[in-house]
1. Taking the condition touching a strand residue (DSSP E or B) at 6+ places or on another chain (Cβ under 7 Å) and among the hydroxyl-bearing types (Ser, Thr, Tyr), does residue 8 pass?
2. Could you please let me know if residue 37 is on the phi < 0 side of the Ramachandran plot, assigned to a helix (DSSP H, G or I), under 17 Å from the mean Cα position of the chain (by Cα) and in contact (Cβ under 8 Å) with a residue 60 or more places away in the chain?
3. Filter segment 35-52 for residues that are closer than 23 Å to residue 97 by Cα and modelled with pLDDT under 90; which is surrounded by the most Cβ atoms within 10 Å (Cβ to Cβ)?
4. When the residues of segment 111-143 are filtered to those that are of a type in the set (Asp, Glu) and under 27 Å from residue 41 (Cβ atoms), which remaining residue is modelled with the highest pLDDT?
5. For segment 75-105, give me each residue that is free of Cβ contacts under 8 Å to residues at least 40 places away in the same chain, hydrophobic (A, V, I, L, M, F, W, C), over 25 Å from residue 19 (Cβ atoms) and assigned to a helix (DSSP H, G or I).
6. Somewhere in segment 59-66, is a residue surrounded by 19 or more Cβ atoms within 10 Å (Cβ to Cβ) and either assigned to a loop (DSSP other than H, G, I, E, B) or among the small types (Gly, Ala, Ser) (or both)?
7. Return only the number of the condition from (1) at pLDDT below 95; (2) in a strand (DSSP E or B) that residue 56 does not satisfy.
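The values are calculated or read from the model by the stated rules, or taken from the named source; none is laboratory data. This is a predicted model, so every value here is computed, not measured. With ideal geometry, Cβ positions are generated from the backbone for all residues, glycine too; neighbour counts draw on all protein chains shown.
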Amino acid sequence: MFADIFRSSLSSKLDNLLKASRAERFQCGRQVHCHISPRPKHCFGFSSSIVTNDAVRGDVNGIYHFFTSKDYPTFREALVSLTVQVANASSKVPAMRFFRVFGFGSEADVQHYLTHHKELTDSDGWLEKAILCDWKARHHFVREQFESGSWTPVVTEGPEVLELLSDEIHPLSAQPIIPPDAAR
């Protein structure tokens with residue numbers, strides 16, 4: 001209960017990251033990807049990531065997971081919360097583009113969703129069943145962009161990639177390395 005009171009929002013976490021990028025002089029991409037997924041104890045949640053060229057924050061691909069939602073008891077609550085969080089963040093940082101990503105277990109589910117998602121009577125229920133496959137089987141993804149208050153499937157555009165500032169590797173410690181011969 002207390003964790004929910006002090007939990008940061010997506011927009012505040014994004015704002016803090018962008019302030020850090022200006023202060024520490026690293027770059028962040030302009031695409032925020034939100035992944036909805038099942039969690040333990042029959043709950044759902046979402047996480048948000050961005051591409052960065054900061055070696056401390058990004059993984060080997062430059063992807064930095066900067067926000068994780070609380071657990072929601074239903075898939076619909078997680079979807080609604082994601083949309084509310086993204087709507088708030090997009091109004092505060094209009095230069096960013098927000099996407100939600102769903103992982104499916106089959107290409108047939110992807111095709112069905114893309115062609116019939118507006119016609120489904122219980123779209124949240126169908127979507128929940130489609131993504132509840134084994135996480136190892138989720139090889140097919142649908143990305144939807146948040147624009148004008150709704151989600152629109154994106155088929156052609158790929159995720160951002162930032163070039164690294166340099167390909168030099170710097171040790172984490174700030175102490176200089178002194179060769180054994182120079183110590184005499």
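1. Details: touching a strand residue (DSSP E or B) at 6+ places or on another chain (Cβ under 7 Å): no; among the hydroxyl-bearing types (Ser, Thr, Tyr): yes.
No, not satisfied.
2. Working: on the phi < 0 side of the Ramachandran plot: yes; assigned to a helix (DSSP H, G or I): no; under 17 Å from the mean Cα position of the chain (by Cα): yes; in contact (Cβ under 8 Å) with a residue 60 or more places away in the chain: yes.
Here the answer is no, as residue 37 does not meet what is asked.
3. It comes out as 36.
4. Pass one, segment 111-143, residues of a type in the set (Asp, Glu): 119, 122, 124, 128, 134.
With the extra rule that they be under 27 Å from residue 41 (Cβ atoms), the set shrinks to 122, 124, 128, 134.
Values: 122: 79, 124: 82, 128: 85, 134: 67.
Per the criteria, the residue is 128.
5. Of everything in segment 75-105, just one residue is free of Cβ contacts under 8 Å to residues at least 40 places away in the same chain, hydrophobic (A, V, I, L, M, F, W, C), over 25 Å from residue 19 (Cβ atoms) and assigned to a helix (DSSP H, G or I), namely 80.
6. Looking for residues that are surrounded by 19 or more Cβ atoms within 10 Å (Cβ to Cβ) and either assigned to a loop (DSSP other than H, G, I, E, B) or among the small types (Gly, Ala, Ser) (or both), one finds at least one in segment 59-66, hence yes.
7. Here residue 56 meets the rest and fails (2).
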